[in-house]
Number of protein chains: 4
Amino acid sequence: NNMELVCVKDFERQAFAKLEKNTLDYYKSGAGEQFTLEQNRAAFRRLRLRPRILRNVSQLDISCRILDEQLKWPMGIAPSAMQKMAHPDGEIGNARAAGKAGAIYILSTLSNTSLEDVAAAAPNTCKWFQLYIYKERHLTEQLVRRVERAGFKALVLTVDAPVFGNRRADVRNKFSLPDHLNLANFEGELANVTTMGGSGIYEYVTNQFDPSITWQDISWLKQLTSLPIVLKGVLTAEDAVLAREFGVDGIIVSNHGARQLDSVPASIEALPEVAKAVGNDMLVMFDGGIMEGNDIFKAIALGAKVVFLGRPALYALAHNGQQGVEEMLEILRKDFETTMALMGCPSFEDITPAMVVHEKTFMKL
Amino acid sequence: NNMELVCVKDFERQAFAKLEKNTLDYYKSGAGEQFTLEQNRAAFRRLRLRPRILRNVSQLDISCRILDEQLKWPMGIAPSAMQKMAHPDGEIGNARAAGKAGAIYILSTLSNTSLEDVAAAAPNTCKWFQLYIYKERHLTEQLVRRVERAGFKALVLTVDAPVFGNRRADVRNKFSLPDHLNLANFEGELANVTTMGGSGIYEYVTNQFDPSITWQDISWLKQLTSLPIVLKGVLTAEDAVLAREFGVDGIIVSNHGARQLDSVPASIEALPEVAKAVGNDMLVMFDGGIMEGNDIFKAIALGAKVVFLGRPALYALAHNGQQGVEEMLEILRKDFETTMALMGCPSFEDITPAMVVHEKTFMKL
Amino acid sequence: NNMELVCVKDFERQAFAKLEKNTLDYYKSGAGEQFTLEQNRAAFRRLRLRPRILRNVSQLDISCRILDEQLKWPMGIAPSAMQKMAHPDGEIGNARAAGKAGAIYILSTLSNTSLEDVAAAAPNTCKWFQLYIYKERHLTEQLVRRVERAGFKALVLTVDAPVFGNRRADVRNKFSLPDHLNLANFEGELANVTTMGGSGIYEYVTNQFDPSITWQDISWLKQLTSLPIVLKGVLTAEDAVLAREFGVDGIIVSNHGARQLDSVPASIEALPEVAKAVGNDMLVMFDGGIMEGNDIFKAIALGAKVVFLGRPALYALAHNGQQGVEEMLEILRKDFETTMALMGCPSFEDITPAMVVHEKTFMKL
Amino acid sequence: NNMELVCVKDFERQAFAKLEKNTLDYYKSGAGEQFTLEQNRAAFRRLRLRPRILRNVSQLDISCRILDEQLKWPMGIAPSAMQKMAHPDGEIGNARAAGKAGAIYILSTLSNTSLEDVAAAAPNTCKWFQLYIYKERHLTEQLVRRVERAGFKALVLTVDAPVFGNRRADVRNKFSLPDHLNLANFEGELANVTTMGGSGIYEYVTNQFDPSITWQDISWLKQLTSLPIVLKGVLTAEDAVLAREFGVDGIIVSNHGARQLDSVPASIEALPEVAKAVGNDMLVMFDGGIMEGNDIFKAIALGAKVVFLGRPALYALAHNGQQGVEEMLEILRKDFETTMALMGCPSFEDITPAMVVHEKTFMKL
Ligand SMILES: Cc1cc2nc3c(=O)[nH]c(=O)nc-3n(C[C@H](O)[C@H](O)[C@H](O)COP(=O)(O)O)c2cc1C
Ligand SMILES: Cc1cc2nc3c(=O)[nH]c(=O)nc-3n(C[C@H](O)[C@H](O)[C@H](O)COP(=O)(O)O)c2cc1C
Ligand SMILES: Cc1cc2nc3c(=O)[nH]c(=O)nc-3n(C[C@H](O)[C@H](O)[C@H](O)COP(=O)(O)O)c2cc1C
Ligand SMILES: Cc1cc2nc3c(=O)[nH]c(=O)nc-3n(C[C@H](O)[C@H](O)[C@H](O)COP(=O)(O)O)c2cc1C
């Protein structure tokens, strides 16, 4: 398979051909009938770009400052569990590639590499840590302490997973982590993901994670640490407003890659109402379905300050480890620059709301 | 075929592989071009769930009280004719499985097991009886008497079948009931379903059922019995209002599994107008196209107090008799619980109208 | 091919398997990319029926009176050219079958049977004659005289064909009438349809028909004959209003079976604006895409007093001559009666506008 | 492959079968996922024609006067690079065919035939020259001088290509111009298109064209020449208004055949807002997706005074050189005349806005 890789989709194709079923199914699946999974990409197609001409686009500035860190472009790798199933480079490969690309790396609680090892191996990457709240609160407290010590710059609390989504393929496969891998931030029981008859990861989450967390726990977390707190998994203006009230530092509009509840809006469909509600007061970020430069442009025009990639990073890692991710990010960045130039936007200030419209705008005649 | 069964669709696949043509066609068919049949499911996909975060969902309460009976969840098995064609367990299998699941069982007039036998075999199930009105009114009167005696808790009068729908496959197959089966609530002629050249069941209905029934017959029925009366097959606000005026106890918004008239709205499309018109004054229930937990959630959010399954119960029965139905209901209940939790709704009171919106809501930008 | 025929579509399938390419292509083709051809049927699917319950539908009355003739139901066979290519029974087979079914038969100018022979063979059928205006006006005048003499009850002037539509298959096939057939209302040159390099029928029309006709020619025609005049091929409210002003007796909303100009609205899309504009003052009729009972119901609810079948009659004729057409009409009439009953409409007076709505009605929530 | 060619699509089919991959991919590709490429044609299908009847259409006048030149119909061939890859007749074949058809020919800067040779070979064709602005401004200045001298009648400045679109197939193919061809308006380096690892044409454009051009450069160009200046690649009302302010003579609404930025509107979707904004004051023209007579009619009804063909001319050239293009234009012109006649429009004055509506117009009921 010697095909030239020219777009993110090409990395996906490579990974689909390479990964064994247990892993591939875990990576690619969405919840239920996978309708929202499909919509996460399809909804981008329903948005149209209105490009402006005859502007000097010889010098583009796509850098940005996010939570006091400088990024080469508004890009990050979203937290995804168990990245060594894709490639031995695993979390370190992704973190280093993000660093080289001037992008954020968010490490999942459920990583195959300990947070300390990631921190040591990718010291120059802007790293955030994604948090799940365990029933045993002290586990989460300990994690927070270690995260602070290791130099992560923000805590990303995932709020769309009080219980685990129903991903059919994992149940059919009786998903387990391969024997040579574990959840490296933990020890003993807590480091193992093995099937008890169904999806091992579903069972792990059901047993360990706390489905009773509420907005009060945001206050608890804030008092626990001085790291900025980001909520990941906000899909409504109502919750965005609450997030502002409870003093969080940022939110990621996300439907968890359509892996939690089928039938929720595509991420990009939910973004506008959230950005309209709190975008001026709060850091609004985005993930879900990003595959091309014009997707990034749309998310930014609709109010996101950073966008994150979930599966694309896993697929690029599967294809060729850290180097695969570097290549993929390079291709995507160039595609985004082409988009900025062809939209007539040398900088983010030049992006206006009128530049992204719904396809139905053209039904007026 | 050793596939793990993880969703209702899986039971359908099993049944499609197992049932012989005469039966499968009868079960799966819709009227005419089967456009509404397809829409019964597709219309759910056009509705989107807006989930709320950070609510304590560790304790879910999905029980409910319907017509003075306590249910474990708002679920029932819709009346469907001739269930022994699916499996020898037939009506009894379904009724017992419903009972175990804490759900309602509605027995069809056209059952392969007599209502007395079903009552005896599933004493602890909340059972309702579905009524057709025969041209010979005394037949219906006798049925009502027996139903009362056998301890059924409600009469469900099907009002969308004054004549029988045009189901092409049954005509092509010259549908007959297999020799060893009959309509067990009747004797002689009335117990037989045999072809006279076309669909045997079409011919039976055309000969026996009364196409002249009107709202006045509701009064007649009310005076005949003190059982609660439910109308099954209401699709418009106009008729819901009439139902209220004529003093019925509940209605089931239903298009008869798209088996009567092709081109009518999907059931879930008709629900909102009905619920808006009478939902505060009357028990509004729903069937048509339910396959997943999020379908149930949508129907409830749009005003249904209970939802019923037609084909899924037949398919699960075909797969593995009573046990198949138990498994299917268990899977569906868990999927519904996951939906409740991920929607941030520990109880039905937490469900709000803003949680279910039409996809076009996201076309605003 | 021994399949039971249970719907109009089945006759189409039979004809597709039976007819040779030259004929089949001529019958089935639409203009250009055949987009409107597809829409003629698809647009019906976008309309939904809202059925009413508990009305006495034991006695249906679907008869009607049209231009002083009594019909068993509001049905007719649309004019189509050269019907003997389908089957030796040709125009006579269709005319007789229409008569037996209590429906109208419209004979095309371009028939393979002379109008006198049709009149003689089907004396009891309500027959109308479809007129094209020849450059040589006296040809049309003579036709009108013969039509009057033969006892046809109305003249149907086709107004959507000043030039002939671009039907690609006919050009590719260099369409000619088979040697043993001719245009039986004419003699010599005018009776022949042979290719001069392209589609023979295109060339015939281009040479013979008058592209300069205007509303003034309606006045000319009215003064020529006292037969009622119907315009066939009206698609806009604007032209319907003009038709009323110029004193025609009826119009047929039609896009000529999508054979003239691709991209025009589906017939059923155009019907409402026409009926709204002139439906109270004028006989509005309809053709295009009718395949099922619910299609007929929709057309009537939207304002048509009669509907006509084009291709279905040709396909049924191809399948089995006059008898095929009788069977097809019988199936369709029963399907229409089922629709009336299941809509709760014992008669046309019971049909209300609220019974047919566009699918988008259900997007409101 | 002896198929009768009866529509533009047929020429496309021929070319697809004939051209080798490097060339075919270059010709047919759009940017990115090619979503807009598909929409360029699909958006036409969403527009419906409302035809008027009983108007004298025996004499059609479809001639027009554009920038002081008389055309037989409102048609032109859009500039496309490197036409000799299609056929040895190349630019000259296209230019001569356009002349014979009474249409405009726009020569691309990036032609395989020098502008002087085209001018000499097609003296009677109305020729315009498409301009790209090189970083080395004197190159563009020299071109303008040569263009004036050779008798071209207008300069068409392409404004949607400050950087080159991301066309994946060309990157995969490492597109180069075949050895025997060059960019004939240039010499040495500038005449070569060879790969440096990716798409040779992408690399050429990136190295040579000036991404810093702005509206000020329009003023520069105007002062450089007295030829009329047309901007090609306007997609918004905003930019159309600016074009008027900066005194250009005309604009072509175009998305460059969807080759620059995927996700922009279909050309025909963008036309109405542009025509509404400036159509009364300025020459508005159109290209993108034209395949049939009814497409041309729609573009004109929505405000275009001329339409241009990109790929169709290349495909017809590939099929059979100059003669292929002549045939294709003849077929298309006849199809357009049929459309005019069937719309009841003997001349452009008869076209009204009510004649072209969006499909959603028919959702009102
Ligand atoms: C295999 C996989 C594992 C994931 N694991 C986590 C996780 O541990 N924590 C979390 O917050 N999100 C997790 N996500 C969700 C991602 O962070 C992100 O929201 C999503 O993948 C973005 O959509 P995309 O894949 O279309 O880019 C996971 C996603 C995938 C695909
Ligand atoms: C095979 C079959 C037989 C049915 N028989 C009856 C019946 O006897 N009486 C009745 O009221 N409804 C009958 N129905 C309709 C169901 O009660 C119910 O309305 C419908 O199946 C719900 O849609 P679903 O199949 O998509 O869940 C039948 C449905 C099926 C599929
Ligand atoms: C093969 C064929 C020939 C036709 N010939 C004529 C004709 O001679 N005169 C005419 O007014 N309409 C003619 N029509 C149009 C029909 O009268 C009618 O408008 C159309 O077929 C209705 O659409 P349907 O085929 O979907 O029912 C013809 C249609 C077909 C299919
Ligand atoms: C192969 C090819 C080469 C093109 N080269 C140029 C060019 O050199 N300059 C330019 O302004 N437009 C160029 N275009 C765009 C065309 O001028 C035109 O905008 C487009 O092809 C119209 O869309 P259509 O192909 O659907 O007709 C090119 C298009 C194609 C297909």
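Computed from the coordinates by the stated procedures, all read-outs in this text should not be read as laboratory data. Just so we're clear, the structure is a prediction, and the values are computed from it rather than from any experiment. Here the Cβ positions follow ideal geometry from the backbone for every residue, glycine too, while neighbour counts run over all protein chains shown.
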* Asked: Tell me, Kirkwood radius of the protein assembly as shown from alpha-carbon pair distances, in Å?
  -> 35.5
* Structure fact -> Note on chain A: contact order normalised by length, alpha-carbon pairs under 8 Å, 6 or more apart, percent, works out to 27
* Three principal axis extents, largest first, for the C-alpha atoms of region A:50-181, in Å? -> 56, 37, 29
* **Other copies of residue C:120: label-to-label distances in nm, shortest first, labels 7 Å along the beta-carbon direction** => 7.6, 7.6, 10.8
* **Under Karplus coefficients 6.51, -1.76 and 1.60, residue-wise ³J(HN,Hα) of region D:166-176 in Hz, glycine/proline x** => 8, 9, 4, 4, 5, 5, 4, 6, 6, 3, 10
* Asked: Under 5 Å between amide H atoms, partner at least 5 residues away or on a different chain: which partners does residue B:106 have, H built in plane at 1.01 Å?
  -> B:77, B:128
* Asked: On average, how many beta carbons from a partner chain sit within 10 Å of the beta carbon of a residue in D:264-272?
  -> 4
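Gain in length, residue A:192 to residue A:225, computed as 0.36 nm per residue apart minus the alpha-carbon separation, to one decimal in nm?
That pair, residue A:192 and residue A:225, stretches by 9.1 nm at full extension.
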* Using θ = phi - 60° and Karplus 6.51 cos²θ - 1.76 cosθ + 1.60, couplings along region C:152-163 (whole Hz; Gly, Pro as x) -> 5, 9, 7, 9, 10, 8, 7, 10, 9, 9, x, 10
* Taking only C-alpha pairs under 8 Å that are 6+ residues apart, what is the relative contact order of region A:120-269 in percent? -> 25
* Structure fact -> Among A:360/B:364; D:127/D:298; C:100/C:334; B:232/B:305; B:100/B:127, the pairs whose Cα-Cα distance exceeds 18 Å are D:127/D:298
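Sorting B:108, D:212 on the 10 Å Cβ count, fewest up front, what's the list?
Working: B:108 22, D:212 14.
If I rank by nearby Cβ atoms, fewest first, I get D:212, B:108.
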* With 20 Å bins from zero, work out the P(r) of chain D over every alpha carbon pair and list the percent per bin. => 30, 61, 8, 0
* Do the sum for the protein assembly as shown: with -39,500 (n - 2.57) for every DSSP H run of n ≥ 4, divided by all residues, what is the mean residue ellipticity at 222 nm, to the nearest 500 deg cm²/dmol? -> -12500 deg cm²/dmol
* Asked: With contacts defined as alpha carbon pairs under 8 Å and 6 or more residues apart, what's the relative contact order of region B:234-365 in percent?
  -> 20
* Most fluctuating residue given options A:278, A:241, A:253, as computed from a GNM of chain A linking Cα atoms under 10 Å -> A:241
* Asked: How far is residue C:188 from the same spot in each other copy, in nm, shortest first, if each label point sits 7 Å from Cα toward Cβ?
  -> 7.8, 7.8, 11.0
* Asked: Between residue B:356 and residues 5 or more places away or on another chain, which pairs have amide H atoms under 5 Å apart, with H built 1.01 Å from N, and which residues are they?
  -> B:50
* What is the distance in Å between the Cα centres of region B:223-256 and region D:157-173? -> 64
* Asked: Measuring from a point 7 Å past the Cα of residue D:65 along Cα-to-C-beta, which residues in region D:283-307 have an amide N at less than 20 Å?
  -> D:283-285, D:304-307
* Put a point 7 Å out from Cα along the line to Cβ at residue C:16; what are the distances to that point in the other copies, in nm, shortest first? -> 2.1, 2.1, 3.0
* Residue list for region C:288-325, given a label point 7 angstrom along the Cα-to-Cβ vector of residue C:347 and an amide N cut-off under 20 Å -> C:297-298, C:300-307
* Within a Cβ distance under 10 Å of residue D:105, other residues only, what is the Lys/Arg minus Asp/Glu net charge? -> +1
* So which residue of B has the beta-carbon closest to the axis that swings B onto A, and how many whole Å away? -> B:360, 6
* Asked: Out of D:201, D:66, D:290, any idea which swings most in a Gaussian network model of chain D, alpha carbons joined below 10 Å?
  -> D:66
* Asked: For region D:1-123, what size does the Cα cloud have along each of its three principal axes, sorted from largest down, in whole Å?
  -> 50, 39, 33
